[in-house]
1. Given the criterion within 37 Å of the chain's Cα centre (by Cα), over 15 Å from residue 61 (Cβ atoms) and free of Cβ contacts under 8 Å to residues at least 40 places away in the same chain, identify the matching residue among 107, 98.
2. Of the numbered conditions (1) in contact with a helix residue (DSSP H, G or I) (Cβ under 8 Å, 6 or more places away or on another chain); (2) closer than 19 Å to residue 277 by Cα; (3) not in a strand (DSSP E or B), residue 392 satisfies every one except a single condition; which is it?
3. Name the residues in region 37-54 that are over 18 Å from residue 123 (Cα atoms) and open to solvent by 80 Å² or more (accessible area, probe 1.4 Å), would you?
4. Yes or no: residue 105 in contact with a Ser or Thr (Cβ under 8 Å, 6 or more places away or on another chain), surrounded by fewer than 20 Cβ atoms within 10 Å (Cβ to Cβ), in a strand (DSSP E or B) and modelled with pLDDT of 90 or more?
5. Pick from region 283-299 the residues that are among the hydrophobic types (A, V, I, L, M, F, W, C) and without any contact (Cβ under 8 Å) to a residue 24 or more places away in the chain: which of them is farthest from residue 347 (Cα to Cα)?
6. Test each condition in (1) within 30 Å of residue 173 (Cβ to Cβ); (2) of a type outside the set (D, E, K, R); (3) assigned to a strand (DSSP E or B) for residue 72 and report the one that comes out false.
7. Counting only residues that are assigned to a loop (DSSP other than H, G, I, E, B), in contact (Cβ under 8 Å) with a residue 12 or more places away in the chain and aliphatic (A, V, I, L, M), how many does region 151-194 have?
8. Restricting to region 256-271, count the residues that are surrounded by 15 or more Cβ atoms within 10 Å (Cβ to Cβ) and assigned to a strand (DSSP E or B).
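The values are calculated or read from the model by the stated rules, or taken from the named source; none is laboratory data. The model shown is predicted, which means the values in this text are computed figures rather than measured ones. Cβ coordinates were reconstructed from backbone atoms using ideal geometry, including for glycine residues, and neighbour counts include every protein chain displayed. We work out accessible area using only protein heavy atoms, side chains counted, and drop any ligands, DNA or RNA first. Shrake-Rupley method; radii C 1.70, N 1.55, O 1.52, S 1.80 Å.
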Amino acid sequence: MKNLALISISFLLSFPIFAGDSRFSVSFGPVRIGESRVKADLADFKIEQEFKNRLIKASFIKSSIQWVRDDHNLLTPRARLGILIYKTNSNIHLEYHGRVIIPQKQGKYHYIEIYINLFDPGVLKIVEDNTVIEKLHTYTDISDKTKNTKMVDFSCVRYGLKITGLNDEYVSVGCRIERTGVWGQEKPYLAVTWSATNIELVNGKTPPFKTFLKNNEPVIFTVRDQEGRNKKVTLKARLPKRMNRVKTAYGFGPAGLLGETPTEKHDWKIAPVLYLYGKLELSPYTSVRVFDALAINKSIFNNSGFYFAYRLADALDGQFEIVPLLGAQGLYFKYDKDGNQKTQNGMIFPQGAELNYKNAFGVENYLISFGIFLSTQSDVDYTNTWVRWGKGPFWEFNYITWGQNGYVSKMAGLSIGLPLANFF
């Protein structure tokens with residue numbers, strides 16, 4: 001299930017731009033289909049035939065743009081280019097990014113569809129025997145200068161990354177945060193990969209480019225567009241001074257609390273509840289977590305847990321993830337806090353999982369989580385579910401039910417959570 005959006009297809013059956021049967025579309029290597037917040041319009045991308053060969057027709061396939069994420073965490077758009085060659089010679093091939101591609105012959109012509117990286121199109125050569133009969137170039141001409149063409153990925157938004165100086169180009173920026181320094185004194189190191197249409201460095205090097213940021217000072221450099229004009233580009237981010245591994249928070253709010261013994265029962269009563277949360281980040285995908293929930297009214301109910309969490313799977317370009325929670329809990333229950341009833345306490349071993357939707361519904365850094373713990377013991381009835389949403393401060397709805405040896409406690413309520421302290 002991991003990387004559900006991963007596809008590795010060398011030949012995709014598709015429909016051509018010209019009348020006739022279905023043709024083959026070529027894609028190189030595995031890619032991850034991503035989600036972009038910028039709509040790339042194929043009308044802004046043009047194909048130019050250098051030799052003006054009338055026996056060759058090339059055009060982008062309508063609605064064929066896909067945003068794909070590479071190994072550097074950069075989202076770039078690609079689109080299918082349909083190429084029709086009115087020649088019967090079997091010795092015809094294409095050369096593109098170091099690959100040799102042989103089109104399919106269909107009677108009196110050859111046809112193929114090939115994915116073109118719109119940010120790094122390069123030159124596509126059409127060769128007959130040993131002669132280059134055409135060169136295809138892709139360039140950008142944005143008609144609407146007011147629309148947003150800068151795709152700053154969700155991986156960058158929490159660091160407030162801004163790129164300026166490329167107002168007339170499509171731009172994509174991806175980030176990956178790293179830690180530098182010793183444990184307890186680690187500092188951020190932001191790797192920024194970016195690409196843009198129609199630009200190169202002044203020495204002719206083409207994108208994608210990589211920049212590393214260690215503080216809030218901007219990186220300023222010069223690029224050159226297709227008209228030979230120099231442009232000054234600025235990259236700037238807002239980085240924390242420290243990369244803390246331990247984060248804590250607390251929450252509070254009203255909840256309904258119900259308690260039972262083998263001989264007595266009281267109905268739901270409103271009780272104040274205090275929550276404590278802690279997380280030790282071991283790696284970008286693993287952590288140790290602790291929690292505690294304390295509710296007091298007629299009864300006393302306290303539930304705490306210690307868990308190892310790891311990201312098992314992700315989908316939707318990493319925005320949705322599944323996190324199993326493996327560990328144990330301590331539980332304390334007293335039916336009447338002022339009475340002499342026997343208290344129930346000890347260890348229980350429910351196991352659970354959390355489903356996280358990051359940057360939910362396109363809102364930057366907004367998280368929605370659904371979690372559940374279920375009992376693994378036949379003599380313990382236990383369910384703990386929660387829904388959490390927010391960024392920084394968060395809202396959380398909890399429902400916990402526990403039963404053992406004729407004793408029962410149930411709690412349900414809405415709370416607000418606030419950051420407490422970060423360290424190490």
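1. Of 107, 98, the one residue that is within 37 Å of the chain's Cα centre (by Cα), over 15 Å from residue 61 (Cβ atoms) and free of Cβ contacts under 8 Å to residues at least 40 places away in the same chain is 98.
2. (1)
3. Within region 37-54, 37, 39, 54 meet the criteria.
4. When the stated conditions are applied, residue 105 passes them.
5. For region 283-299, the residue satisfying everything is 288.
6. (3)
7. Total satisfying the criteria: 2.
8. 7
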